[in-house]
1. Normalized C-alpha radius of gyration of region 137-186, against 2.2 N^0.38 Å?
2. Tell me which of ALA47, THR30, PHE15 sits at the most positive position along the dipole axis of region 1-55, charges placed on C-beta atoms (Lys, Arg +1; Asp, Glu -1).
3. Taking the C-alpha atoms of the chain, how large are the radius of gyration and the largest Cα-Cα span, Dmax, in Å?
4. Test of the criteria: in region 1-90, which GluC sites (Glu not before Pro) are in a DSSP loop and have at most 11 other Cβ atoms within 10 angstrom of their Cβ?
5. Which of the trypsin sites (Lys or Arg not before Pro) across region 1-48 are loop residues per DSSP, with 15 or fewer other Cβ within 10 Å?
6. Dipole size in debye (nearest 20) for region 92-200 around its Cα centre, Lys and Arg Cβ +1, Asp and Glu Cβ -1?
7. Given the options ARG52, ARG171, ARG86, state which has the largest fluctuation in a GNM of the chain using a 10 Å cut-off (strictly under) for Cα springs.
8. What pairs from LYS29/LYS87; LYS63/LYS133; LYS79/LYS133; LYS87/LYS133 go past 32 Å between their alpha carbons?
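Nothing in this text is a laboratory measurement; each read-out follows from the coordinates by a stated rule. Small disclaimer: the values here were computed from a predicted structure and weren't measured. Cβ: placed from backbone, ideal geometry, glycine included. Neighbour counts: every protein chain shown.
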Amino acid sequence: MALFFRGLFSLLVIFLVVATVLFVDFAYKTFSVRQRDIATDAIVVLAGGRGRVEEGIRLFRAKKGKYLFLIGVDPMVRKQELFQERKGESLADRVVLENASRNTLENALYGREIIDRKDIRSISLITSRYHMKRATLIFRSTLPRDIAIYPHPVDTINLKEAWWRDQGSFRLLFSEFYKYCLFRFFFLFASGELRPPAGP
């Protein structure tokens, strides 16, 4: 019996060491993602976090995307409340709001329907930095394989770069790490079913 508990304890220690290494790697890669000055077919903004919509509009007005897709917008919000055309602009008809999705997986699935209706081969994906790895994983697992995804993180005050010294940042990162791991496991079995069939 003692040998059994020693073996169980050893497995627990190994698990904790592996989980710690993976979490630190997740945190490092979260902060390693950088915004890229690149033009894509569409700018896809996962609404709901501070600064995301504003950054998407900034890029759209800078002609970094042919379309602006605002995904997960509150159903009560109208387009003109988020995007107001300036004098001489003619952009509003290329701004699309999606207001049915309520989580990241639904964001990707409903967003895919909008992307499918346009000739989109590349997107800039905008969300908060802490959310970027999970969002990128889900979009890569649900969009057609030939669509390029360029992560474009938005920094927020609730995630400090010295996350190990800030309790709120640590909890936020660990929560995202946990959800990311769950989706990695989920897509081992469901990715093929969620991805649209290949064209002829």
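1. Cα-based Rg divided by the globular estimate yields 1.43.
2. Value: PHE15.
3. 19.5, 80
4. GLU89
5. ARG34, ARG36
6. Dipole about the Cα centre, nearest 20: 280 debye.
7. Most flexible of the set in this elastic network: ARG86.
8. The pairs that break the limit, which is 32 Å between Cα atoms, are LYS29/LYS87; LYS87/LYS133.
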